[in-house]
Amino acid sequence: MKKEDSIKGIFSEIGTNTCVVAVSKTKPDEDILAVYNQGQRIFGENKVQELEGKYERLPKDIKWHFIGHLQTNKVKYIAPFVSLIHSVDSLKILRVINKEAVKNNRVIDCLLQIKIAEEETKFGLSKSEVKHILSSPDFSELKNIQIKGIMGMATNTDDKIQVKSEFSELKRTFIEIRDSFFQDKDYFSEISMGMSHDYKIAVEEGATLVRIGSKIFGERVYH
Ligand SMILES: *Cc1c(COP(=O)(O)O)cnc(C)c1O
């Protein structure tokens, strides 16, 4: 299947309430440009250095989303241009993002990554950790970040029922957090969930952003 066909196929399946983040990690510039030329403008990367290089070389109207685990000492490299950070998992990293946003005279949009999968390895916050962060006085001081919603990754399994229940739990968590902390804040509106193998379920369960890599770009080859 040609790349153009794969991205158009995805758009026809997901409808207009969900945005596609084309996850271009490990892929060369020319592959990204091919998808860009089909009209895609949101791309996702999970390595700071790789993202920096691609930002420098590729068209400036691309909205770059950071989806990987972010270390505090690397925030400064993406702070000038990153459009959304999906993977915030501590107050400490939020403070650093805020500090770098101040230096760049901008507000950086973020999602809180919530742990929904049963695997030990997945990063993310528990519901009680989220509540702790959002109710702390420190958090209210951070004027140069905006929490736009939450992100989660389901367990990597073929069990569709399990995946569906994890996504529906994430949606409930979203509503709970919104009602407790963002009641009249329209910007708290994003649920980032679903990847190549489970995005259809995620869309059914209310994803506003799906992060799709291999289904658009082909399988990744790691050297
Ligand atoms: C790589 C990655 C994706 C995309 O994975 P695919 O299975 O290729 O669609 C989505 N989200 C995160 C956090 C990733 O690291």
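The values are calculated or read from the model by the stated rules, or taken from the named source; none is laboratory data. Not measured: the values here are computed from a predicted model. Glycine also receives a Cβ, built like all others from the backbone with ideal geometry; neighbour counts cover every protein chain displayed. Areas reflect the complete protein model, heavy atoms only, side chains present, ligands, DNA and RNA absent. Shrake-Rupley method; radii C 1.70, N 1.55, O 1.52, S 1.80 Å.
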| How big, on average over all directions, is the shadow cast by the Cα convex hull of the chain, in nm²? | 12.3
| request: Return the FRET efficiency for the residue pair ARG178, ASN73: r is the Cβ-Cβ distance, R0 is 35 Å, and the value is rounded to the nearest 0.05. | output: 0.65
| Between GLY39, ASN98, ILE78, whose Cα lies farthest towards the positive end of the dipole of the range 1-109 when Lys and Arg beta carbons carry +1 and Asp and Glu beta carbons carry -1, centred on the Cα centre? | ASN98
| field | Label-point separation in nm, GLU169 to ARG41, each point 7 Å along Cα→Cβ | value | 3.6
| Which order do THR18, THR72 take by accessible area at a 1.4 Å probe, largest first? | THR72, THR18
| query | Size of the dipole of the range 160-221 about the Cα centre, Lys and Arg at +1 and Asp and Glu at -1 on the beta carbon, nothing else charged, in debye to 20? | reply | 280
| Environment charge at ASP109 (Cβ cut-off 13 Å; Lys +1, Arg +1, Asp -1, Glu -1) | +3
| request: For TYR222, TYR55, give the ranking by accessible area with the largest first, probe 1.4 Å. | output: TYR222, TYR55
| field | trypsin sites (Lys or Arg not before Pro) lying in DSSP loop within the range 28-94, provided at most 12 other Cβ fall within 10 Å | value | LYS60
| Which whole-number percent is the relative contact order of the chain (Cα, under 8 Å, 6+ apart)? | 20
| Whole-Hz ³J(HN,Hα) from phi, Karplus 6.51 cos²θ - 1.76 cosθ + 1.60, for the range 197-207, glycine and proline x | 8, 9, 5, 5, 5, 4, 4, 4, 8, x, 4
| task | Report the charge-dipole magnitude of the chain in Debye, nearest 20, computed about the Cα centre from +1 at each Lys and Arg Cβ and -1 at each Asp and Glu Cβ. | result | 620
| query | Pairs LYS115/LYS160; LYS115/LYS171; LYS47/LYS76; LYS47/LYS143; LYS63/LYS115: which are spaced more than 22 Å apart, C-alpha to C-alpha? | reply | LYS47/LYS143; LYS63/LYS115
| query | What is the extension gain from LYS92 to ASP61, computed as 0.36 nm multiplied by their sequence separation minus the C-alpha to C-alpha distance, in nm to one decimal? | reply | 8.2 nm
| remark: Restricting to Cα pairs under 8 Å and 6 or more apart, the percent relative contact order of the range 71-199 works out to 24
| task | Using only alpha carbon pairs under 8 Å that are at least six residues apart, calculate the relative contact order of the range 174-219 and give it in whole percent. | result | 31
| task | Mind listing the long-range amide H neighbours of ILE108? Cut-off is under 5 Å, sequence gap 5 or more, other chains count too, H placed in the peptide plane at 1.01 Å from N. | result | ILE145, GLN146
